[in-house]
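The values are calculated or read from the model by the stated rules, or taken from the named source; none is laboratory data. Keep in mind the model is a prediction, meaning the values are calculated, not measured. Please note: Cβ atoms are built from the backbone with ideal geometry, for glycine as well, and neighbour counts cover all protein chains shown. We work out accessible area using only protein heavy atoms, side chains counted, and drop any ligands, DNA or RNA first. Shrake-Rupley method; radii C 1.70, N 1.55, O 1.52, S 1.80 Å.
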Amino acid sequence: MDLLNTLVEKGLRRELPTREEALAVLATSDDDLLEVVAAAGKVRRQWFGRRVKLNYLVNLKSGLCPEDCSYCSQRLGSTAEILKYTWLKPEEASKAAAAGVAGGAKRVCLVASGRGPTDRDVDRVSRTIEAIKEQNEDVEVCACLGLLSNGQAERLRAAGADAYNHNLNTSEGTYGDITTTHTYADRVDTVRQAQAAGLSACSGLIAGMGESDADLVDVVFSLRALDPDSVPVNFLIPFEGTPLAEEWNLTPQRCLRILAMARFVCPDVEVRLAGGREVHLRSMQPLALHLVNSIFLGDYLTSEGQEGKADLEMIADAGFEVEGAGTTTLPEHRAGGCGPCGGAESEQAVSVRAGADAALSDRTAVADRTAVAADEDPSDPADPSTGNDPAARRDLVAVRRRGAGTDLAPNA
């Protein structure tokens, strides 16, 4: 397939695909799926070999968030029956983190619900980071605390944080449909603050919220322009009690196409398979390892994931290996906070970001062109191939009842 050959060549050169090429990946048929995976796998192996980085989540504070993000079980007004607790003590968080590190995790992600941290919260998280580093000196620590205020990123960096996560989640054009209590620009600003403070930026997306192919391409191109070191790709977990509980828009095949598109657009960054992989990829999770080079081990913030032991077996059975603590994740040219991937291509990436609104001024037309290419409309709720069924696999959405905030052993 000429399209895939072109995308592989561009990926090996760290060159930005065109929007049309990215849309065409999402429009490929299931018959072509293995070819798409194989092509994106060549790009993945060029920059990351067969290594899989393991990350472990510790939910420092769960529930009761004042923000109204429609996808979130911790949101304002959520009736999802999740765990709710206030801040873990530093020693409690350190103990939870140690379980993940013992399971093979190289990075610990400290997450707290809320709009953003107060200065007192930053002090609290700083003590937690210090406690974790005392027990596991080499572990990477990523904080995810919401919108940052001036100086907070620097304080986290001084406390030993290595990275900061704040996802864009969806396209700028549709962001207001998902969240109203803060803006897309707020999120971009927080990622830039983290980068300016010397933290490794982590920013990604959530697929499956009813967005179009054009929206998915838009957010991934925006991420390329923002240039985070890691891009987590989440698939919506439709929790009962949230506004998006009926959004079952994903099939395993569509998830793989989304991951492949993300790899082609962001060839040399850490693409992480994140929340929802068990719900939507199911038995096809091993194929995703040919596209991503990073996953979360065990459970997520408010939902339970695949058993940690099963994660490790899956990696080994698929012919991959867990990345060791002594191995640098990113390619050499990205080490030390280099500029946008692709060197000379960075100007093109910036242009994409600046012109995103103009490029999407007629979203309906773009979506229609994509539908014609696929000979179907992937967002049509009546199309059974999209899996848009309110009863689809609700049995796989399991609320977390173990680990942080409980007396039960964590899943790691």
Check your understanding: So how do ARG19, ARG50, ARG120 rank on accessible area, 1.4 Å probe, biggest first, that is with the largest at the start?
Key -> ARG120, ARG50, ARG19
Review point. Too long at a 30 Å Cα-Cα cut-off: which of LYS61/LYS309; LYS10/LYS133; LYS42/LYS95; LYS10/LYS309?
Key: LYS10/LYS133; LYS42/LYS95; LYS10/LYS309
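Measure off, as a whole percent, the carbon and sulfur share of the 1.4 Å-probe accessible area of the range 216-255, all protein chains present. Let's see the in-between values first.
Working: 350 of 750 Å².
Percent of accessible area from carbon and sulfur atoms in the range 216-255: 47.
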Review point. In whole Å, how far is the Cα centre of the range 166-183 from that of the range 50-85?
Key: 17 Å
Check your understanding: From the phi of every residue in the range 183-190, what ³J(HN,Hα) in whole Hz does the Karplus formula 6.51 cos²θ - 1.76 cosθ + 1.60 yield, where θ is phi - 60° and glycine or proline is x?
Key -> 10, 4, 4, 4, 5, 4, 4, 5
Practice item. Quote the charge dipole size of the chain about the Cα centre in Debye, to the nearest 20; the model charges only the Cβ of Lys and Arg (+1) and of Asp and Glu (-1). Key: 1320 debye
Review point. Quick one: accessible area per residue over the range 177-329, 1.4 Å probe, rounded to a whole number of Å²?
Key: 26 Å²
Check your understanding: What FRET efficiency do you get for GLU307 and ASP30 if R0 is 30 Å and r is their Cβ-Cβ distance, rounded to the nearest 0.05?
Key -> 0.55
Check your understanding: To one decimal place, what Kirkwood hydrodynamic radius in Å is obtained for the range 24-167 from all pairs of distinct Cα atoms?
Key -> 17.2 Å
Practice item. Mind giving me the nanometre distance, one decimal, between the label points for ARG50 and LYS89, set 7 Å out from Cα along Cα→Cβ? Key: 4.6 nm
Point to revise | Percentage relative contact order, the chain, counting C-alpha pairs under 8 Å, at least six apart | key: 23 percent
Study note, to complete from the structure: Rounded to the nearest 0.05, FRET efficiency between THR328 and GLU9 (Cβ-Cβ, R0 22 Å) equals 0.30
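Sort TRP87, TRP248 by heavy-atom solvent-accessible area, probe 1.4 angstrom, most to least.
TRP87, TRP248
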Revision key, fill the gap. Once the dipole of the chain is set up from charges on Cβ (+1 Lys and Arg, -1 Asp and Glu), the residue from the list PRO232, LEU281, VAL322 lying farthest towards its positive end is VAL322
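Once R0 is set to 41 Å, what does the formula 1/(1 + (r/R0)^6) return for the Cβ-Cβ distance between ALA102 and ASP2, expressed as a FRET efficiency to the nearest 0.05?
0.30
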Practice item. With Cα extents along the principal axes in Å in mind, check [x] 111, 65, 43; [y] 55, 46, 43; [z] 57, 45, 32 and report the label derived from this structure. Key: [y]
Exercise for review: Note down the relative contact order for the range 73-154 as a percent, whole number, built from C-alpha pairs under 8 angstrom at least six residues apart.
Suggested key: 37 percent
**Study point:** Charge dipole of the range 36-156 about the Cα centre (unit charges at C-beta), most positive-ward option of GLY103, VAL36, GLN74
**Key:** VAL36
Practice item. Within the range 282-308, which residues have the backbone N less than 15 Å from the label spot 7 Å out from ASP68 along Cα→beta-carbon, could you tell me? Key: none
Exercise for review: Grab the DSSP H runs of the chain that are 4 residues or longer, score each as -39,500 (n - 2.57), total them, divide by all residues and round the 222 nm result to the nearest 500 deg cm²/dmol.
Suggested key: -11500 deg cm²/dmol
Study note, to complete from the structure: The answer for the net charge of residues other than VAL322 whose Cβ lies under 10 angstrom from its Cβ, with Lys and Arg +1 and Asp and Glu -1, is 0
Practice item. Distance between Cα centroids, the range 33-48 to the range 291-329: provide it in whole Å. Key: 18 Å
**Study point:** Contact order normalised by residue count of the range 1-103, Cα under 8 Å, 6+ apart, percent
**Key:** 20 percent
**Study point:** Highest to lowest packing among 190-201, 30-41, scored as the average C-beta count within 10 Å
**Key:** 190-201, 30-41
Revision key, fill the gap. For 267-277, 320-330, ranked highest to lowest by mean beta-carbon neighbours within 10 Å, the order is 267-277, 320-330
Review point. Nearest 20 debye, what's the magnitude of the dipole of the range 1-136 about its Cα centre given +1 on Lys and Arg Cβ and -1 on Asp and Glu Cβ?
Key: 720 debye
Practice item. Rounded to whole Hz and in sequence order, give me ³J(HN,Hα) for the range 252-260 from the Karplus expression 6.51 cos²θ - 1.76 cosθ + 1.60, θ = phi - 60°, writing x for Gly and Pro. Key: x, 5, 5, 4, 5, 5, 5, 5, 5
